[in-house]
Amino acid sequence: MLSFLDPARPEPWASFLEQIDRVVPHLGRLGYWSETLKRPKRILVVDVPIHRDDGSLAHFEGYRVQHNVSRGPGKGGVRFHPGVTLNEVMALSGWMTIKNAALNLPYGGAKGGVRVDPATLSRAELERVTRRYTSEIGLLLGPTRDIPAPDVGTDEQIMAWMMDTFSINQGETVSGVVTGKPICLGGSLGRREATGRGVFIAAREAGRRQGIEINGARVAIQGFGNVGSVTAQCFAKAGARVVALQDASGSIANPAGIEVAAALAHVAAGGRLVEFPGAERIDGEAFWEMPCEFLVPAALEGQLTCERAHRVQTKIVVEGANGPTPPAADDILAERGITVVPDVIANAGGVTVSYFEWVQDFSSFFWNEDEINARLETIMANAVRTVAELAAERKVSLRTAAFIIACTRVLEARDRRGLYP
Ligand code: NAD
């Protein structure tokens, strides 16, 4: 067995494998095909060499993994982060397969990444890394083959460079090869905010089912980037109190509610979140003990450890990040009666509006923001309802219910397509 396929490694891929193992007993005859989900379809590891601005040569390692393409082209973001590993990208690609199927989007699952700290690169170096990486993985990409999008450390400018590089190599403009692009290049209105908006809708619907109103609810959010900051804004607009925030700079709290717009303006002006004057600086571990109704991990995977799961004081965990809760921590939260709205539903707003963007690019007909947000609202609310109903019927967690729905769709496609040769 290849070392990175070793389920014993306590890494994201091991969490994904365990989540699959937990769902297999619920799949009936389709369980026959379940091994398919435990093996990524394609893995490409690439060297990304660039000239630094000072004339020196630097090499970075890049990945693109297509976990499953039974239901359609690969779809999933690209991460630029110094901690990116193949193991992590494999897990993230697997969660994309599940997410796309759970939402019934016509995609398989894929993910990419480069092990690089974008903060240490000049803008010109960042562009060179992006273009070389895109060129290296270009053999897998295309609007009907594999469609990247932003993730941690990447944004719409990076998507513009990816689209341009792929297009130049093709000899024609291919807008639909990435989503999360700038509007002027065929991007969709509402895409930038879609993940955070979806996290909020999922939280609101899960809260409603437990009689928890958003108005007046207390919220703690880890991560104040694309996902965390928009989630915080949505909660604040709906009358919730964002009592604690944490990002890579540290943690802050204000039991009366942090003024989210002011905190965003502070960070946008180049300030560190931890130095925001409208809140008190707290210890990183104290963040996890903040009494709240909603706790939203929206940074990186593996953050809600078993140790933290014993200490959190929340009613509902809403997974803005991918893979923040390892299976053993899931069990502790379940024992404590804390609901977990799983990543594959909670943060699916981003890929849902990416799907809208891809459809708009194909038809060259663009929708207005109200239409996009209304469709997002309907899809997200329905997804939470469907998963919650199945969870109640089968007496399983929301995560297992979401995996049952998703794996059934993926493996039904696998079964009907059959094996070649
Ligand atoms: P981002 O780069 O915009 O923000 C990441 C945030 O996490 C930053 O505020 C950073 O300071 C914080 N962070 C990093 N390391 C931390 C640490 N050790 N402790 C506390 N905070 C830390 O990334 P993003 O796009 O907001 O993505 C966040 C999560 O959401 C990731 O798990 C990503 O896969 C997931 N996600 C993103 C999207 C999307 O559309 N961007 C869609 C679905 C899921």
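Values quoted throughout were computed directly from the atomic coordinates according to the rules given, and no laboratory measurement underlies them. From a predicted model like this one, the values you see are computed outputs, not experimental measurements. Cβ sites come from the backbone with ideal geometry, for glycine too, and all protein chains shown count toward neighbours.
Placing a label point 7 Å from the Cα of Thr378 along the Cα-to-Cβ line, the residues of region 83-103 whose backbone N sits under 17 Å from it are 103. Ordering His310, His67, His266 by the number of other Cβ atoms within 10 Å of each residue's own Cβ, fewest first, gives His310, His266, His67. The slack in the chain from His59 to Leu44, taken as 0.36 nm per residue of separation less the alpha-carbon distance, amounts to 3.8 nm.
Give me the percent relative contact order of region 143-185, please, defined on Cα pairs under 8 angstrom at least 6 residues apart. Reported relative contact order: 49 percent. Beyond 30 Å in Cα-Cα separation lie the following of the pairs Lys99/Lys395; Lys38/Lys315; Lys41/Lys181; Lys99/Lys237; Lys237/Lys395; Lys237/Lys315: Lys38/Lys315; Lys237/Lys395. Fraction of C-alpha pairs exceeding 26 angstrom in region 192-346: 15 percent, rounded to a whole number. Just to be sure I understand: with springs between alpha-carbon atoms less than 10 Å apart, which residue in Glu18, Glu35, Glu61 has the highest mean-square fluctuation in the Gaussian network model of the chain? Its mean-square fluctuation being the largest, the pick is Glu35. Taking the fewest neighbouring Cβ atoms within 10 Å as the starting point, the ordered list for Val274, Val65 is Val274, Val65.
Computed on region 40-175, with alpha-carbon pairs under 8 angstrom and 6+ residues apart, the relative contact order is 28 percent. Among the helices of the chain, those built from whole DSSP H runs whose Cα atoms reach 20 Å or more along their own axis and whose mean Kyte-Doolittle hydropathy is at least -0.5 are 86-102, 156-170, 349-363, 369-394, 398-417. Loop-located GluC sites (Glu not before Pro) in region 143-241 (DSSP state not H, G, I, E or B) with no more than 11 neighbouring Cβ atoms inside 10 Å: Glu172. Taking amide hydrogens as placed 1.01 Å from N in the peptide plane, the amide H of Gly74 sits under 5 Å from those of Gly108, Asp146, Ile147, each at least 5 positions away in sequence or on another chain.
Select from Arg409, Arg115, Arg209 the residue whose mean-square fluctuation is largest in a Gaussian network model of the chain (Cα-Cα springs shorter than 10 Å). Highest fluctuation among the options: Arg209. By DSSP, the beta bridges lying fully in the chain are antiparallel in about 55 percent of cases. Please build a GNM for the chain, connecting alpha carbons under 10 Å apart, and tell me which residue among Ala91, Ala263, Ala119 fluctuates the most. It is Ala119.
In the chain, Cα pairs under 8 Å separated by at least six residues give a relative contact order of 16 percent.
Extension gain, Ile183 to Ala392, is 71.1 nm, computed as 0.36 nm per intervening residue step minus the present C-alpha separation. Geometric descriptor of the chain, per residue, is 146 Å³ (volume of the convex hull of the Cα atoms).
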